[in-house]
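Below is one structure, written out as structure tokens, with a few remarks after it.
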Amino acid sequence: MTHAPRLPLAVGLPMAVASGLAIPVQGRINGALGARLGDGIAAAVVSFSTGLIVMVLVSLLAPRGRAGLARILPALRERRFPPYYALAGGIGAFFVFAQSFTVGLLGIALFTVATVTGQTLSGLLVDRLGIGPAGKKSVTGIRVIGCILTIAAVSWAVSPRFAGAAADASGAGSAAAGPADPTTLLLPIILPVLAGFLMSFQQAMNGTATVHYGTPIAATLVNFIAGTCVLWVAWSIKVAVAGPANPLPGEWWYYLGGPMGCVFIGLGALLVRSLGVLVTGLGMIAGQLLGSLGLDLLVPTPGTVVEAATVLGTLLTLASIVVATLPWPRGAFRR
């Protein structure tokens with residue numbers, strides 16, 4: 001086990017925010033690829049496969065990557081952490097599938113606030129259980145308040161999308177602008193909420209594995225191996241049942257989703273030891289929200305609804321993140 005120094009909050013939190021900025025761009029790319037292929041699972045396969053290629057190259061070419069590579073099998077054989085932690089990449093595979101399947105329906109901002117709900121709640125739970133390398137962190141009143149504010153903000157930001165669906169049904173927009181019945185959005189919203197909820201567990205598992213591998217490079221590589229295997233099996237079943245997707249596109253930018261996932265997973269595995277799962281997740285959420293709202297404002301997809309409530313709900317979510325991460329006096333609001 002390695003004993004790298006922990007990062008202070010003033011350093012780690014901005015790094016978490018910066019890594020979060022990559023997620024909405026990845027979501028837009030994977031969503032566009034899913035629409036182009038006509039198959040969300042195929043898009044997730046492409047994203048994870050390209051990410052795996054990147055991580056194999058990094059692991060072989062970088063000295064720390066090679067050192068971490070040599071520690072993977074001994075750590076698993078000696079059961080230095082629960083063996084199922086090596087399967088955390090399956091959660092990442094589900095997250096990428098949710099991106100590919102739902103971003104085109106919801107818009108990147110709505111997809112992001114849905115993942116915020118799940119990730120915020122599970123971050124609190126995972127820290128309390130002590131699953132991550134930072135150990136157990138007390139559930140304080142201020143953290144609970146931050147979670148409640150986040151859920152309220154998500155509800156506020158989501159509300160224009162349902163209103164927009166009803167308006168489109170009355171003839172104001174085209175069929176591509178959104179479904180007429182808001183209940184048809186239930187599954188597309190549940191998927192990113194569940195994906196966000198599981199992300200905190202993935203980060204905790206990766207952080208623990210990173211401590212024993214000695215580098216987040218190895219943990220990220222193992223993630224992409226597990227996720228790629230899961231997705232290839234799922235895609236093979238889908239092809240056997242429903243046939244193949246459309247041909248792969250020739251534009252190079254469709255293949256950047258995987259490398260962006262490498263950044264997000266790697267930094268998450270590095271930061272949870274210093275910041276804990278909840279604070280790392282909240283910092284990444286801040287980056288997601290800022291990046292996703294910017295994308296929906298500057299380069300919106302058809303059907304994207306960005307109204308005052310979306311903007312104000314996003315700002316309220318950021319405020320709740322600040323509340324939950326402020327250095328409150330020890331013992332204040334403790335449960």
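The values are calculated or read from the model by the stated rules, or taken from the named source; none is laboratory data. Computed from a predicted structure; not experimentally measured. Counting neighbours? That spans all protein chains shown, and the Cβs are built from the backbone with ideal geometry, glycine included. The area values use the complete protein model at the heavy-atom level, side chains included, leaving out ligands, DNA and RNA. Shrake-Rupley method; radii C 1.70, N 1.55, O 1.52, S 1.80 Å.
Rolling a 1.4 angstrom probe over the protein heavy atoms, how many square angstrom per residue are accessible across segment 9-73?
Per-residue value: 40 Å².
Tally up the carbon and sulfur contribution to the accessible surface of segment 18-68 as a whole percent, 1.4 Å probe, everything protein left in place.
On the way: 1410 of 1830 Å².
So the carbon and sulfur contribution to the accessible surface is 77 percent.
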| Simple label model, 7 Å out from Cα along Cβ direction - SER155 to GLU307, nm | 1.7
| said: Net charge within 13 Å of PHE201 by Cβ-Cβ distance, Lys/Arg positive one each and Asp/Glu negative one each, not counting PHE201 itself? | reply: 0
| said: Rg/Rh for segment 35-124 to two decimals, with Rh computed the Kirkwood way over all alpha-carbon pairs. | reply: 1.07
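Using every Cα-Cα pair within segment 216-295, state what percent have a distance larger than 20 Å. Working shown, then result.
Values: 1707 of 3160 pairs.
Roughly 54 percent, once rounded to a whole number.
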